[in-house]
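Below is one structure, written out as structure tokens, with a few remarks after it.
The values are calculated or read from the model by the stated rules, or taken from the named source; none is laboratory data. The structure displayed is predicted, hence computed values, not measured ones. Here the Cβ is made from the backbone with ideal geometry for all residues, glycine too, and neighbour counts use every protein chain on show.
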Amino acid sequence: MNVKRKNIKDSTFYIIGFCITAFAAICFLRPDRKNVRMENASAASSEDTWIDTLSNASSDYVPLQPMEREIEHFMAKWDIKGMSLAMSRNDSLLYAKGFGWADMEMGKTMEANSIMRIASASKLVTASAIMKLVEQRRLTLHSLVFGEQGILNSRDFTDAIHDPRVREITVEDLLKHQGGFTLGAGDPMFNTVELKKAKQLTEAPSNQDLVKIVLGRRLGFHPGKGRRYSNFGYMLLSLVIEKVSGQGYWDFVSNNILEPAGAYGFMPATNYYDERNLREVKYYSPDAELVEDFNTPSKMVDRCYGGANINALMGAGGWCASAASLCRLVASIDGNPGVPDVLTSSSVNLMTAHEDDEKVCLGWTESDVNGKWSRSGTLSSAHALIERFPDGECWVITMNTGVWTGFRFTRDMSRLIERLRCRYSNQMPSRNLW
């Protein structure tokens, strides 16, 4: 009997000792989450930052209730499931609130720190990263992209060149959509299903595959002599960033632009609902039509989830962010001393210079004669609009619902911002939610 008690006591001792050791290992040997970097999954987010504590309640303010009713009316007009609005002035975030549903089926409402796909607004992030490399003297705007003397000078790419004019494409040409790439054969970033079938590939073409395919075609115009909007060109800039920096695209941007700017809450976009990021919303397309999965054409999927390889867009349209995070980014690349800039004034001036064709900017969609800068983004599943005004105000709208009217809808978003700015800008309380 005493032997049995002794054995039980010894077993209990060893079990308790094992548990204590395991607990210590978990506490002291686990990596610091703030410093974790995963390929294609890094982000300018951190524990205990302003984005983590930001909520709709932060912007509750009775005098702004009429403004919020206008926003809800706009959403009803366009059947928008969820939307977020943020407004900053100089060094302060004055307002940030979500409206409608982040995930209607799960009963989750949109919050001020909800993140969603920002589509082509990602190009502003990418252009900023390129300008940082220029400042670091690791490339110039006139650096060649292809050919033996180019940045992307791998043998595979060089051997794929069909049109000799490709060797003349510069970094600046890609930034200004003047690389010579047209959409005669479709947008290669969005017709991967067709390309997979045409090239008899076993899986969706990688970005390296897409580069070789496009380099095998003739350019639509001489580089620098015309302009055609090109998602492909900004994906190339992402590869340029990787080659020159020696880092992954997501990591370089996070380490050199987003984190120094305090623009927390940016994450690389994912393709499927079950892969979504922390605080990421659900997306809704304007119709229920199923389409072929970009990687498995025999599989039919919701257009929002698998209709296109969103993550592969990289710097052309591959970021997710909150509206408030976009405000913070803009405040860090606007030349205003309120929030310290991550770029020099020279870089800011180059990015926003007004030209005869006001749509020839670096990263921004346009810079008008009055000094307003705009950047829009559109996917079948999301919209984003950034408008930064000469008086230091920045208004940002993001939403998780696609609208098929394209530029007409973007114009209506811009008109909404103009109305809200005119009626409620001077009613914003003095505070800083950053």
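Would you call GLN208 surrounded by fewer than 19 Cβ atoms within 10 Å (Cβ to Cβ) and at positive phi? No. Only residues that are assigned to a loop (DSSP other than H, G, I, E, B) and among the acidic types (Asp, Glu) were counted in region 294-347, giving 2.
Evaluate region 397-408: report whether one residue or more is assigned by TED's automatic domain parsing to the domain that holds ARG69 and in a helix (DSSP H, G or I). Yes: one or more hits. Could you tell me whether any residue of region 223-234 is closer than 22 Å to THR140 by Cβ, among the charged types (D, E, K, R) and not in a loop (DSSP other than H, G, I, E, B)? No; the residues of region 223-234 include none that is closer than 22 Å to THR140 by Cβ, among the charged types (D, E, K, R) and not in a loop (DSSP other than H, G, I, E, B). Among the residues of region 54-67, those that are part of a helix (DSSP H, G or I) and more than 26 Å from the chain's Cα centre (by Cα) comprise VAL62, PRO63, LEU64, GLN65, PRO66, MET67. You will find that of VAL281, VAL342, the residue that is within 20 Å of LEU124 (Cβ to Cβ) and touching a residue at least 60 places away in the same chain (Cβ under 8 Å) is VAL342 and no other.
LEU350 meets each of the listed conditions (1) among the hydrophobic types (A, V, I, L, M, F, W, C); (2) in a loop (DSSP other than H, G, I, E, B); (3) in contact with a helix residue (DSSP H, G or I) (Cβ under 9 Å, 6 or more places away or on another chain); (4) surrounded by fewer than 21 Cβ atoms within 10 Å (Cβ to Cβ) apart from (2).
In a residue-by-residue description of region 119-138, the property of being of a type in the set (Lys, Arg), crowded, with 19+ Cβ neighbours inside 10 Å and not in a loop (DSSP other than H, G, I, E, B) applies to at least one position.
Looking only at region 152-192, residues that are among the aliphatic types (A, V, I, L, M), buried (at least 19 other Cβ atoms within 10 Å of the Cβ) and assigned to a loop (DSSP other than H, G, I, E, B) come to 3 in all. Does THR202 satisfy being at pLDDT below 95 and part of a loop (DSSP other than H, G, I, E, B)? When the stated conditions are applied, THR202 passes them. For region 360-409, filtered to residues that are more than 13 Å from the chain's Cα centre (by Cα) and on the phi > 0 side of the Ramachandran plot, the residue that is modelled with the lowest pLDDT is GLY406. Screening GLY246 on (1) closer than 21 Å to GLN149 by Cβ; (2) touching a residue at least 40 places away in the same chain (Cβ under 8 Å) shows it passes everything except condition (2). Taken over region 90-111, the criterion of being crowded, with 24+ Cβ neighbours inside 10 Å and small (Gly, Ala, Ser) is satisfied by ALA96, GLY98. Checking region 259-276 against the condition returns no match, with no residue being surrounded by fewer than 19 Cβ atoms within 10 Å (Cβ to Cβ), farther than 16 Å from LEU329 by Cβ, within 16 Å of the chain's Cα centre (by Cα) and at pLDDT below 95. Somewhere in region 410-427, is a residue assigned to a loop (DSSP other than H, G, I, E, B), under 19 Å from the mean Cα position of the chain (by Cα) and within 17 Å of ILE118 (Cα to Cα)? No, every residue in region 410-427 fails to be assigned to a loop (DSSP other than H, G, I, E, B), under 19 Å from the mean Cα position of the chain (by Cα) and within 17 Å of ILE118 (Cα to Cα). Are any of the residues in region 277-285 polar (S, T, N, Q) and at pLDDT below 95? Checking region 277-285: at least one residue is polar (S, T, N, Q) and at pLDDT below 95.
Considering each residue of region 70-93 in turn, at least one proves to be in the same structural domain as ALA384 (by TED's automatic domain parsing), out of contact with any Gly (no Cβ under 7 Å at 6 or more places or on another chain) and of a type in the set (Val, Ile, Thr).
Of everything listed in (1) within 22 Å of the chain's Cα centre (by Cα); (2) modelled with pLDDT of 95 or more, the single unmet condition for SER346 is (1). Of all the numbered requirements in (1) of a type in the set (S, T, N, Q); (2) surrounded by fewer than 20 Cβ atoms within 10 Å (Cβ to Cβ); (3) assigned to a helix (DSSP H, G or I), GLN247 misses one, and that requirement is (3).
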